[in-house]
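*Asks:* For reference, the structure I am asking about is given below.
The values are calculated or read from the model by the stated rules, or taken from the named source; none is laboratory data. Note that the structure is predicted; figures quoted are calculated from it, not measured. For neighbour counting, all protein chains shown are included, and Cβ atoms are generated from backbone atoms with ideal geometry for every residue, glycine included.
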Ligand SMILES: Cc1ncc(COP(=O)(O)O)c(C=O)c1O
């Protein structure tokens, strides 16, 4: 694999333009410094001052009562599901949602919670009519409809605020709780010009990730009412998520919140730059990105061959027929231009 000479951006010093995901970032020197200097204690005893401060900071930021540090987004969503729903309950979720599709069916496996998946529209919404029709009557034949779970951003799309408000109002009016998988909620906030508190407002619980666009190595957080977080705390312990001197990770997340939020706009600009460059190539159709994820269709089933060619030129992406490129803290404009040039060469050959 021949790489490229990296520009001044990024912290990895890596000659590969890795656009597989925004989870591939490495901690910056300043973040490593914050980790090294963190005050720590045993968080299972509630003694870690850095994690306690971060939980308070994030709860306030999202306008909720309480927050709980989690090892991963999957753990955070799982603890949210199990805190809202009991055995025999049901949650309504998009059939392409991460929570339903890519988290090992944890709600069903560990909580005996039945998912009711519904079609996601191309913008990530679930039609309100579909939600209303899927809510089961209180009848012994049915699982108890208990929760509506949405995702924002969804495949890089920002859900319209009017939609999330209406969906949550519908769910609440029928006695359901609402959970938001906000793994990339800060991308949604920066792209829409709204605060994360506004985007979180109608949800009873929200999961956010520090280890995606925010650039921390590990960590997520579940946010909600004090009572919900108390229940989630018990579930986190059950799934082995009680960590000890986790302030080391909380320090990285805290640093990310202070230094890596506004700069998400740079990732979004790089995604647009990549989208425009690729869209100019023959046989390539690009969905204009709203945030940091670019979806590309390549005609004549040439997607896998393009991926292989890009890899040989030091550019990594994912997909098969449709390809996915994700921008993040460790790519810069030179890397994006290298990716566009490498793709252009493929179509010349
Ligand atoms: C939308 C969404 N939710 C949840 C997760 C799960 O996060 P983790 O990989 O930290 O478990 C991901 C991971 O990429 C994601 O994209």
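*Asks:* Considering every residue within region 336-347, establish whether at least one is surrounded by 14 or more Cβ atoms within 10 Å (Cβ to Cβ), in contact with a helix residue (DSSP H, G or I) (Cβ under 6 Å, 6 or more places away or on another chain) and free of Cβ contacts under 8 Å to residues at least 60 places away in the same chain.
*Replies:* Yes, that holds for at least one residue.
*Asks:* Out of (1) away from the ligand (no atom under 16 Å from the Cβ); (2) surrounded by fewer than 19 Cβ atoms within 10 Å (Cβ to Cβ); (3) in a loop (DSSP other than H, G, I, E, B), the odd one out for residue 104 is which?
*Replies:* Unmet for residue 104, out of (1) away from the ligand (no atom under 16 Å from the Cβ); (2) surrounded by fewer than 19 Cβ atoms within 10 Å (Cβ to Cβ); (3) in a loop (DSSP other than H, G, I, E, B): (1).
*Asks:* Show the residue pairs meeting these rules: Cβ distance below 7 Å; 6+ apart or different chains; first residue within region 194-220 and without any contact (Cβ under 8 Å) to a residue 24 or more places away in the chain; second residue part of a loop (DSSP other than H, G, I, E, B).
*Replies:* Cβ pairs passing all conditions: none.
*Asks:* Continuing with this model, one more query. Going through region 285-302 one residue at a time, which ones are surrounded by 19 or more Cβ atoms within 10 Å (Cβ to Cβ) and more than 17 Å from residue 330 (Cβ to Cβ)?
*Replies:* Within region 285-302, 286, 289, 290, 296, 298 qualify.
*Asks:* Right, residue 174: over 16 Å from the mean Cα position of the chain (by Cα), surrounded by fewer than 24 Cβ atoms within 10 Å (Cβ to Cβ) and closer than 18 Å to residue 225 by Cβ or not?
*Replies:* Taking the combined requirement at face value, the residue does not satisfy it.
*Asks:* Is it the case that some residue within region 188-197 is in contact with a strand residue (DSSP E or B) (Cβ under 9 Å, 6 or more places away or on another chain) and either surrounded by fewer than 17 Cβ atoms within 10 Å (Cβ to Cβ) or within 18 Å of residue 74 (Cα to Cα) (or both)?
*Replies:* No; the residues of region 188-197 include none that is in contact with a strand residue (DSSP E or B) (Cβ under 9 Å, 6 or more places away or on another chain) and either surrounded by fewer than 17 Cβ atoms within 10 Å (Cβ to Cβ) or within 18 Å of residue 74 (Cα to Cα) (or both).
*Asks:* When you go through (1) in a loop (DSSP other than H, G, I, E, B); (2) modelled with pLDDT of 95 or more one by one for residue 282, which number turns out not to apply?
*Replies:* Unmet condition: (2).
*Asks:* Touching a strand residue (DSSP E or B) at 6+ places or on another chain (Cβ under 7 Å), closer than 18 Å to residue 147 by Cβ and either modelled with pLDDT of 95 or more or within 16 Å of the ligand (Cβ to nearest atom) (or both), is that true of residue 59?
*Replies:* It is false that residue 59 is touching a strand residue (DSSP E or B) at 6+ places or on another chain (Cβ under 7 Å), closer than 18 Å to residue 147 by Cβ and either modelled with pLDDT of 95 or more or within 16 Å of the ligand (Cβ to nearest atom) (or both).
*Asks:* Out of (1) touching a helix residue (DSSP H, G or I) at 6+ places or on another chain (Cβ under 7 Å); (2) under 28 Å from residue 46 (Cα atoms), what's the single condition that is false for residue 225?
*Replies:* Unmet condition: (1).
*Asks:* Can you report the number of residues in region 229-263 which are part of a loop (DSSP other than H, G, I, E, B) and away from the ligand (no atom under 16 Å from the Cβ)?
*Replies:* Adding up the residues that qualify gives 7.
*Asks:* Just one of (1) assigned to a loop (DSSP other than H, G, I, E, B); (2) within 16 Å of the ligand (Cβ to nearest atom); (3) farther than 24 Å from residue 217 by Cα trips up residue 142, so point out which.
*Replies:* The one condition residue 142 does not meet is (2).
*Asks:* I want to confirm something. Restricting to region 41-55 and keeping residues that are in a loop (DSSP other than H, G, I, E, B) and touching a residue at least 60 places away in the same chain (Cβ under 8 Å), which single residue is surrounded by the most Cβ atoms within 10 Å (Cβ to Cβ)?
*Replies:* Checked region 41-55; the qualifying residue surrounded by the most Cβ atoms within 10 Å (Cβ to Cβ) is 48.
*Asks:* When the residues of region 107-130 are filtered to those that are farther than 17 Å from residue 154 by Cα and either outside the structural domain of residue 170 (by TED's automatic domain parsing) or touching a strand residue (DSSP E or B) at 6+ places or on another chain (Cβ under 6 Å) (or both), which remaining residue is surrounded by the most Cβ atoms within 10 Å (Cβ to Cβ)?
*Replies:* Checked region 107-130; the qualifying residue surrounded by the most Cβ atoms within 10 Å (Cβ to Cβ) is 113.
*Asks:* Another question, then. Please list, ordered by first then second residue, the pairs with beta carbon atoms under 7 Å, 6 or more apart or interchain, first in region 175-187 and over 12 Å from residue 98 (Cβ atoms) and assigned by TED's automatic domain parsing to the domain that holds residue 159, second near the ligand (Cβ under 10 Å from one of its atoms) and outside any strand (DSSP E or B).
*Replies:* Within 7 Å, the pairs are 185/152; 187/153.
*Asks:* Same structure, new question: Residue by residue through region 190-228, note down the ones that are within 14 Å of the ligand (Cβ to nearest atom) and either outside the structural domain of residue 66 (by TED's automatic domain parsing) or assigned to a loop (DSSP other than H, G, I, E, B) (or both).
*Replies:* 210, 211, 212, 213, 214, 215, 216, 217, 218, 219, listed by residue number.
*Asks:* Of 272, 244, 236, which residue is surrounded by 15 or more Cβ atoms within 10 Å (Cβ to Cβ) and touching a helix residue (DSSP H, G or I) at 6+ places or on another chain (Cβ under 9 Å)?
*Replies:* Selected residue: 236, the only one of 272, 244, 236 that is surrounded by 15 or more Cβ atoms within 10 Å (Cβ to Cβ) and touching a helix residue (DSSP H, G or I) at 6+ places or on another chain (Cβ under 9 Å).
*Asks:* Which is free of Cβ contacts under 8 Å to residues at least 60 places away in the same chain and either within 16 Å of the ligand (Cβ to nearest atom) or farther than 21 Å from residue 100 by Cα (or both), of 165, 153?
*Replies:* One residue alone meets the criteria, 165.
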